[in-house]
Amino acid sequence: MIIAYIGIGLCILLLLFAFKSHKMMYFLSIMHSLSYLALTVWILNNLKLPIVYSPSSYFYMDYLSIFEVMIASIIFLCAAIYSRGYLKSLITIQELKKENLKLFYIPFNLLLTVTAVSFFINNLALFWIFAELTTLFSVVLIVVLNAKKNIDAALKYLFVSSTSMLFSFIGLIFLFALTKSTLGKGTLNWTVLMESAKLLPPVFLNAAFVFIFIGFAAKAGIFPFHTWLPHAHSRAPSVVSGILSGVLLNIGIYGIIRMNAVLHQSAELSFGMQYFLIFFGVVTIAVSSFCMLRRNNLKKLIAFSSIEHMGFLLVGIGIWSPVALFLVLIHIISHSLIKSLMFFSAGILHRQYHSNNVNFIINAFKLQPFASAMLIIGTIAIIGLPPFALFISKLLILQQLADISHWLLFAILVFMLIAAYAIVSFLVKIFTGEKKDAKINQYITPFTMKLPLIALIIMALLIGLFMPDWLKDWLLTIVNEIMRI
Amino acid sequence: MNFLLMEHVIKLLLIFVIISAAIIITRRGLGSLVLAYQIQSLLLAFIAVVLFLTDGNIILLGLALVTLISKVMIIPYFIRNIQRRIQNVRDTEFSYLTPIAAIFVSIAIMLLAYVSLSRIVANQLALSKFFFLGAMIGLSLTLIGNLIMFRRRMVISKTIGYLTMENGVLLISMFVTELPFIIEILIMLDLVILIVLAVLLAFGIDNTIEEFHKKLGQFAFWFKDEEP
């Protein structure tokens, strides 16, 4: 089945080389993500998971990997639909050259293939390589615009992420050596590590985990490795920002979940490691919430909000109860949907004002009522208000945290309030910025740019209001699978 | 072959690796930085060959070959190629630390690596003193590479810092354990792509955005359509 994902990706890539028209590249990108989505749904309904692909066991498919690929396919599909109108507008105002369209569409589709395949990898070293590849392709997507600042942002992203990933690799080497000395044969296969974690010395396993954590934390934008994220997410074209925030951050969190699962199979569960994750989660929320105050750049604000949510996910992973893990999964999918929605809305506003700066955004409701409404709805969701699923996940994760520490619960509540205040006050500034004499030509948003936003908001609402039984069962299966209940 | 002799040869090579790191810390000329990196990578390839002669593990020979091709030939060639197009050939400014201070910090880093590794790794993995030394220098080199990245201003010299880090990781993997060869090959491929990309971005910073996109298009000529 994994061959099917790679095969589709390669076919699309070959066709992209052959065609030159924007329309065709756009169509192929939609077909690519749509076929991944269809394949994922088919696998979910027809195959008995998990499947380990022999003989090397380098590839593996379980309900968690299918869950992540499903999210990636949805976000990429929305981004692909959104891309044509957005890129056309960039070409019109010469922020993007028409002859560079392939420079966008090829890495875009490569990124989808590499991301999907990375979730099907059983071997941690191979997963590390694919996680690195996602960084490389997304860097190309950031520098596609005609702006030098994008190169700076891309370089920061590349260096911070790749440097941290090297520390992860040291952890993987030690883990491999440890399995070699304990089991007689070195392995980095997640399935084997889960089975044999009880035999591995806990102290050494914890030490390897700390190294591995550095790299995946950088991928997820966790403090203090988050410094690349606000620049990269705000400088990237909005269609790419939606993917970076909605899909690529999940790769880091996915890696942490997988490693934490191994750690919890160990003979002696170290509560120190639980507090280690919660500590970094809380500090990440604290730093990001303060950084959100007094921001002038809309996309930077949304980027900091992503950091805050990654911190929150880390707290949930640190708690590691079945309920907390279930809520983490709900939070992952809801955050991906809402964050992409917000970046895509910001993209429409950027097409209108050619700036993300709050001072340039005036008469937003009059000029861009759809994007403004979507941004407000997105804000309601992202700060954790009902009827969205983020409300449930935030509330119940905090309830779980109360069992560990009331002080931490109180601290996170304060930081969340600061973040909510920052984002709401920013929106108030945007939507009260009216100048009656301002003569700005209205940007007519194409329907293809509105459609993905409508789809995203409907999906987010459906999860929040009527969590379907099949989704609930699916998430419960993942929890059982990961926690070996 | 005589294991003791091999040990001495490797110890000597490791000293040269440390000297090459010291050169990368202190030199300002971009050309000499690339040369120091090239020599460091060559030393690593030699170490892999000597280790192969000691324990006969064929993976080490493959590793030496891959290192030689990617790190001694392809990457330095590519960096020099782009460097010629960049006007600035010297990275004169250092952030935070002067070269002498950085050498002292590097010595402290080596002590730190020694202490931390001896507490955790040596006991658990039952490494001999010799293999422990190799792993310790590998970890030190990784941290020194990180220090170089922090101190340097220009992208190319930051890239050399990253490559030094990567050499440190390679050294650790040679002395602690050998990963499957396919993984080593993929890592090298990943490294080559990363460096090509980083150096192209460096080119973009020093040139106009049009020239940068042209270069990016030349690098992957199929990425770009003909001008209408």
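Restricting A:A177, A:A154, A:A207 to residues that are within 21 Å of B:L197 (Cα to Cα), at the interface with another protein chain (Cβ under 8 Å from one of its Cβ atoms) and either surrounded by 24 or more Cβ atoms within 10 Å (Cβ to Cβ) or more than 24 Å from the chain's Cα centre (by Cα) (or both) narrows the list to A:A154. Taking the listed residues B:L194, B:L171, the one that is modelled with pLDDT of 80 or more and more than 9 Å from chain A (Cβ to nearest Cβ) is B:L171, with no other qualifying. When A:A402 is tested against (1) under 26 Å from the mean Cα position of the chain (by Cα); (2) surrounded by fewer than 22 Cβ atoms within 10 Å (Cβ to Cβ), just one condition goes unmet, and that condition is (1). When the residues of the range A:81-108 are filtered to those that are part of a loop (DSSP other than H, G, I, E, B) and among the charged types (D, E, K, R), the one that is farthest from the other protein chains (Cβ to nearest Cβ) is A:E95.
Are any of the residues in the range A:180-195 in a loop (DSSP other than H, G, I, E, B), at the interface with another protein chain (Cβ under 9 Å from one of its Cβ atoms), hydrophobic (A, V, I, L, M, F, W, C) and touching a residue at least 12 places away in the same chain (Cβ under 8 Å)? Yes: one or more hits. Got at least one residue in the range A:355-374 being out of contact with any Cys (no Cβ under 7 Å at 6 or more places or on another chain), surrounded by fewer than 23 Cβ atoms within 10 Å (Cβ to Cβ), outside any helix (DSSP H, G or I) and hydroxyl-bearing (S, T, Y)? Yes, the conditions are met somewhere in the range A:355-374.
Screening B:L12 with (1) farther than 20 Å from B:M165 by Cβ; (2) modelled with pLDDT of 90 or more; (3) buried (at least 18 other Cβ atoms within 10 Å of the Cβ); (4) of a type in the set (A, V, I, L, M, F, W, C) gives one miss only, at (3).
Restricting the range A:316-337 to residues that are modelled with pLDDT of 95 or more and of a type in the set (S, T, N, Q), the residue that is farthest from A:G242 (Cα to Cα) is A:S334.
Taking the range A:404-485 as the region of interest, the helices (runs of 4 or more DSSP H) fully inside it that hold 1 or more residues being touching a His at 6+ places or on another chain (Cβ under 9 Å) are A:469-483. For the range A:110-120, the tally of residues that are within 14 Å of chain B (Cβ to nearest Cβ) and either surrounded by fewer than 24 Cβ atoms within 10 Å (Cβ to Cβ) or of a type in the set (F, W, Y) (or both) stands at 3. All conditions in (1) facing chain B (nearest Cβ under 7 Å); (2) at pLDDT 90 or above; (3) surrounded by fewer than 23 Cβ atoms within 10 Å (Cβ to Cβ) hold for A:T163, with the sole exception of (3).
Counting only residues that are surrounded by fewer than 24 Cβ atoms within 10 Å (Cβ to Cβ) and in contact with a Gly (Cβ under 8 Å, 6 or more places away or on another chain), which one in the range A:375-393 is nearest to A:A460 (Cα to Cα)? The qualifying residue nearest to A:A460 (Cα to Cα) is A:P387. A:L141 meets all of the listed conditions (1) assigned to a helix (DSSP H, G or I); (2) at pLDDT below 90; (3) touching a Pro at 6+ places or on another chain (Cβ under 8 Å) but one, namely (2).
Let's see how each residue does on (1) closer than 15 Å to B:L141 by Cα; (2) crowded, with 20+ Cβ neighbours inside 10 Å; (3) hydrophobic (A, V, I, L, M, F, W, C); (4) in contact (Cβ under 8 Å) with a residue 24 or more places away in the chain:
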position	(1), (2), (3), (4)
B:I25	yes, yes, yes, yes
B:T54	no, no, no, yes
B:K71	no, yes, no, yes
B:S95	no, no, no, yes
B:S106	yes, yes, no, yes
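Might you check whether a residue that is more than 25 Å from A:L133 (Cβ to Cβ) and surrounded by fewer than 24 Cβ atoms within 10 Å (Cβ to Cβ) occurs anywhere in the range A:228-238? No, the conditions are met nowhere in the range A:228-238.
The values are calculated or read from the model by the stated rules, or taken from the named source; none is laboratory data. Note that the structure is a prediction, hence the values are computed from the model and not measured. Note that each Cβ is placed from the backbone with ideal geometry, even for glycine, and that neighbours are counted across all protein chains shown.
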